[in-house]
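Following: one structure in structure tokens, then a few remarks.
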Amino acid sequence: MKINKRKGLRQRKAGIFTICCILFLIVGLITQKERKIIATSSGGYAGALALAGDTNTPTGKIGEEMKVKLHIINTNEYLDAEGVLITPKVSSDKNVFPFEISKANYSLTIDGDTNPAENGSILDAGDDALVTFTFTVRNDVPTGYYPIEFNITYRMDEMMQSVTVTSYVYIEGKEEETSSSSKQNLQISLRDSPVLPPATYGQPIYYDLYLTNYGENDAYSVTITPQVSEDPTKFPFEIEQTSYEQLLSNPLLGTKSQPDVEARKQRVHFAMTARVNLKSGYYPVVFHITALDANGETYTIDQTVYFNVAGNPKEDETETTTTTEPPTTHNTSVPRLIITGYEVDKEEIKAGDAFKLTLHIMNASNRTSVSNVKFTLSSQEGQDNVNCFIPQSGSSTVFVERIGKGQTIDLEIEMTAKPTLEAKSYPLTIESEYEDEDVKSYTGTESISIPVTQELRVSVGDIEVMPASIEVGAQSNIMFGVNNMGKSKIYNVNISFQGDSITGGEAFKGNLDSGATANVDVMVTGVAQTMDDGTVKAIISYENEKGKVFTIEKEFNLFVSEPMPIDDIPDLDPSIMDDPNMMNPTNPNMKWYIIGGIGAAVVIIAVVVIIIRKRKKRKQELEGMDDNEIL
């Protein structure tokens, strides 16, 4: 009886186990079917693999290898992607595929292999993988960004799928061939030049032109040359030199290296003499400008400048005047008063100087004398219309009773140049009113150009040397300021150092406006042991508006010593440390050792603190200065 009960119990347990297995099987089939239904209803399999955008843009250089990493994600949360294969789109077009084609097949699997196994290269549902391609950049690729297409094939739920993804790469290649000006990015102009003084036939004229680079890049070996011609309509000046070419001593900086347009200007000065056979009018002169870019390629441009010339009356066309008495009309020659030259009683007129001006005025008419001649002088310039030269008599009018036919008179005027004038040439206009022998009234205007200079006042601040003693091969920091205390701009400020024991430290500070400061902060290197008193000269050179060079020398001390050879350091005797009295506090010499060591440490700390404070103070002074004062 008991045996039958046990047998029945085992049968019931086996039945229950069988039923549970069947239920689990049914649930699994239903779940798998639901997963397929969900995967299909949520958009199918196409595009299930995608490219993540969380990797940095790969960067490569021409002729070098570069790696392109793809972060691939299986966006399907239920189905795996099998047999995944990634293949770049290869083309001979460098804009499509900027890499060397050195392989027959560039395809890679998820695992980095070239061919997937039958059931390999699997990307599980919701999983991701990083695949790295290695390419060699072509040598003829221009700099820029390039889109690289990759085709991804895979199998999902026994169906083959395909998707194309794009990854961007940046390549530092060669510059694209463009026009000369855009490729070089140079733009040199004379448009910032000051107003040119008027020219008078047969008289010298002094004028300045300013070259400015409005391009991004710097221009080197810049030259400017007026185009000389025998034709006075193309070049109204006497040809007195073999060549008028001028070479800038420094590069003409672009907007990248010098954003300040005023600091980019460079001045050239010309002195010429107007021809005697000129008619009155405006004459164009072409200036040819050449430069080199950083790659040594040539840049050229022509700029035209117009000169206002007071011509020779004999060359001017005969003007006609018509009487108001009808019906008779007749032509008469107009008597002209011309300035044939002038002198001043000083070699150089400085701003604020008093001087005597002598004008040579000629009646160019051989038909009639002129009388009741009134001359009015004016030298107004700028928007304020204030005269640059003030007559000492207080009156700008001079009266002359008569000037005969072909006669030349000397008109003397005592004048004073305004103290605030900048160093350049200023026009002086002479207006005349007069009558001929028939008591007919005439007027005329003549102009001359008077150069004015400013006394240059340049000072050099205290020179700071840190440290004041160095070894051969070490460097010392030299700091000081160059101050333009005059009222005129100075040009081409250059710093150099002269000493037998040092080298280096040269610095170019360019042009320095009135009231501005150039801060010099350079390093010099010790090259030889000091054999004298350690005197070193700082040489500051600069130019005035005429290109004349001035120098200032200031001395300071800097000592250079030979470094101590390692072999000269004495070896420490180990027996000293074994001496029981060496470290014995009762040793009478012990306290002197301690005091000496402490003293040396204090001196070293004090020197370091002083240097740090000086550098900090100097840095604060530089940061606190107006940007316009720092070159």
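The values are calculated or read from the model by the stated rules, or taken from the named source; none is laboratory data. From a predicted model like this one, the values you see are computed outputs, not experimental measurements. Neighbour counts run over all protein chains shown; Cβ positions are idealised from the backbone, glycine included. Side chains included, ligands, DNA and RNA excluded: accessible areas come from the protein's heavy atoms. Shrake-Rupley method; radii C 1.70, N 1.55, O 1.52, S 1.80 Å.
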Query raised in the report: Quick check: is even one residue across region 412-420 surrounded by fewer than 18 Cβ atoms within 10 Å (Cβ to Cβ), out of contact with any Lys or Arg (no Cβ under 9 Å at 6 or more places or on another chain) and of a type in the set (Asp, Glu)?
Result: no
Query raised in the report: Which ones in region 298-333 are at pLDDT 85 or above and open to solvent by less than 70 Å² (accessible area, probe 1.4 Å)?
Result: 299, 301, 303, 305, 307, 308, 309, 310, 311, 312
Requested in this report: Please enumerate the residues belonging to region 198-211 that are under 23 Å from the mean Cα position of the chain (by Cα) and either buried (at least 19 other Cβ atoms within 10 Å of the Cβ) or basic (Lys, Arg) (or both).
Outcome: 209, 211
**Report entry** Criterion (modelled with pLDDT of 85 or more, of a type in the set (Val, Ile, Thr) and out of contact with any Phe, Trp or Tyr (no Cβ under 8 Å at 6 or more places or on another chain)) met by exactly one of 87, 114, 134
**Finding:** 134
**Report entry** Selection status of residue 255, of a type in the set (Ser, Thr, Tyr) and out of contact with any strand residue (DSSP E or B) (no Cβ under 6 Å at 6 or more places or on another chain)
**Finding:** yes
Query - strands (runs of 3 or more DSSP E) (entirely within region 336-411) containing at least 3 residues that are hydrophobic (A, V, I, L, M, F, W, C) and buried (at least 16 other Cβ atoms within 10 Å of the Cβ) - result: 337-344, 354-363, 370-378, 397-403
Query - Spans of strands (runs of 3 or more DSSP E) in region 447-561 with at least 2 residues open to solvent by less than 60 Å² (accessible area, probe 1.4 Å) - result: 458-460, 464-466, 475-484, 490-498, 507-512, 517-526, 535-543, 549-557, 559-561
Report summary line: Scanning region 428-446 for residues that are open to solvent by 20 Å² or more (accessible area, probe 1.4 Å) and part of a loop (DSSP other than H, G, I, E, B), the one nearest to residue 386 (Cα to Cα) turns out to be 440
**Report entry** Any chance residue 420 is modelled with pLDDT under 90 and either assigned to a strand (DSSP E or B) or within 30 Å of residue 274 (Cβ to Cβ) (or both)
**Finding:** yes
